[in-house]
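**Q** The structure under discussion is supplied below as C-alpha cells; questions concerning it will follow.
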C-alpha cells in the first residue's frame, strides 16, 4: 500500500485521515509531519499513523503528499520537505496558496489544489478541485478517492475559479450558521425556547436543502411554489426583498472572493 504523507495534522488533515482509515487504509501507511505534540499524539492514538515532529527522509516513501498547514506557515514547512517529495503527487487543502508556489516548493508540476469545507469533518463536505496540466487522469482519480470519504468533489477548469469556490462553499457553512442564528433569534423573540428555535431552524434548512437536491426544479420555482400571494411566506419574502437581502448576500460572496484573491497574492503567488 502506497504511503500518503500529510504536512500538517489539524482538523482537515484529521478528517481526511479518518475517512481513509474508515475506508480500509492502514494507519501505518500514513505519515504526518506536525511540530505540535498534541496533534501528533491525537492522530497516532486515534488512527495509528506514523507521526513526525519534523520532515525527514521518511517522506521519500510517499506517493501522495497532502499539504494541510496554515497558509502563513507554508514556506517554512515546505523547505525541509522539498528534498524528499519531488517524486510524489501533491494535493493541497490550504487556502490561498496557489499551485505555482506549491510546484516551485515541491520541485514538481504534479499538483492538485482543493478547497474543502468544514462539513468534511462529518463526511458531508464538498471540495472544489483544480489540477495543473502535468496531473494525469489516473492521478485525478486518486485525489477523488482520497477525498471521497469527506464528501463530494467538483473540478474547475481554471485555478482562479477556486476563489469563487472559496467564497461560495469554502466559507459557505458560516453563512448557514449565520442564518440559523437569525432564525433562532426570531424564534426567541416570538416566544419559543432556544432549543425549539434551533431544532426548527436546522430541520428546515437541512430538509429544504435535501428537497432542492432531489428536485429537478430550480430553487426559484421551489420558492415560488410555497409563496402564495398574501400569505405568510409572501410577507417574509417581501420584507427580505425590500431590505435588499439578496443583493447584500451576493455582495458578501464577492467580498469573500476578493479576499481569497488577496490571500493568494499575499501568501501563495510563488
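The values are calculated or read from the model by the stated rules, or taken from the named source; none is laboratory data. These numbers were taken from a predicted model, which means no experiment stands behind them. Cβ sites come from the backbone with ideal geometry, for glycine too, and all protein chains shown count toward neighbours.
**Q** Mind checking which helices (runs of 4 or more DSSP H) fall wholly inside region 3-87 and carry at least 1 residues that are at pLDDT 95 or above, over 23 Å from the mean Cα position of the chain (by Cα) and more than 25 Å from residue 103 (Cβ to Cβ)?
**A** By residue number, 37-47.
**Q** What are the pairs, 6+ residues apart or on separate chains, where a residue within region 56-74 that is more than 21 Å from residue 109 (Cβ to Cβ) has its Cβ under 8 Å from a residue that is at pLDDT below 95 and buried (at least 20 other Cβ atoms within 10 Å of the Cβ)?
**A** Close Cβ pairs satisfying both conditions: 70/94.
**Q** With the structure loaded, tell me whether residue 145 is without any contact (Cβ under 8 Å) to a residue 40 or more places away in the chain, at negative phi and in contact with a strand residue (DSSP E or B) (Cβ under 9 Å, 6 or more places away or on another chain) or whether it fails that test.
**A** Considered against the rule, which asks whether it is without any contact (Cβ under 8 Å) to a residue 40 or more places away in the chain, at negative phi and in contact with a strand residue (DSSP E or B) (Cβ under 9 Å, 6 or more places away or on another chain), residue 145 comes out as no.
**Q** Then there's this: I'm trying to understand the selection: among the residues of region 99-134, which are in a helix (DSSP H, G or I) and touching a helix residue (DSSP H, G or I) at 6+ places or on another chain (Cβ under 7 Å)?
**A** 105, 106, 118, 119, 120, 121
**Q** Give the residues of region 1-24 that are under 22 Å from residue 57 (Cα atoms), free of Cβ contacts under 8 Å to residues at least 40 places away in the same chain and surrounded by fewer than 24 Cβ atoms within 10 Å (Cβ to Cβ), sorted by residue number.
**A** 1
**Q** Kindly indicate whether any position in region 195-202 is farther than 24 Å from residue 152 by Cβ, at pLDDT 95 or above and surrounded by fewer than 12 Cβ atoms within 10 Å (Cβ to Cβ).
**A** Yes: one or more hits.
**Q** Would you check if there is a residue in region 38-48 being touching a residue at least 40 places away in the same chain (Cβ under 8 Å), in contact with a helix residue (DSSP H, G or I) (Cβ under 9 Å, 6 or more places away or on another chain) and on the phi < 0 side of the Ramachandran plot?
**A** Looking for residues that are touching a residue at least 40 places away in the same chain (Cβ under 8 Å), in contact with a helix residue (DSSP H, G or I) (Cβ under 9 Å, 6 or more places away or on another chain) and on the phi < 0 side of the Ramachandran plot, one finds none in region 38-48, hence no.
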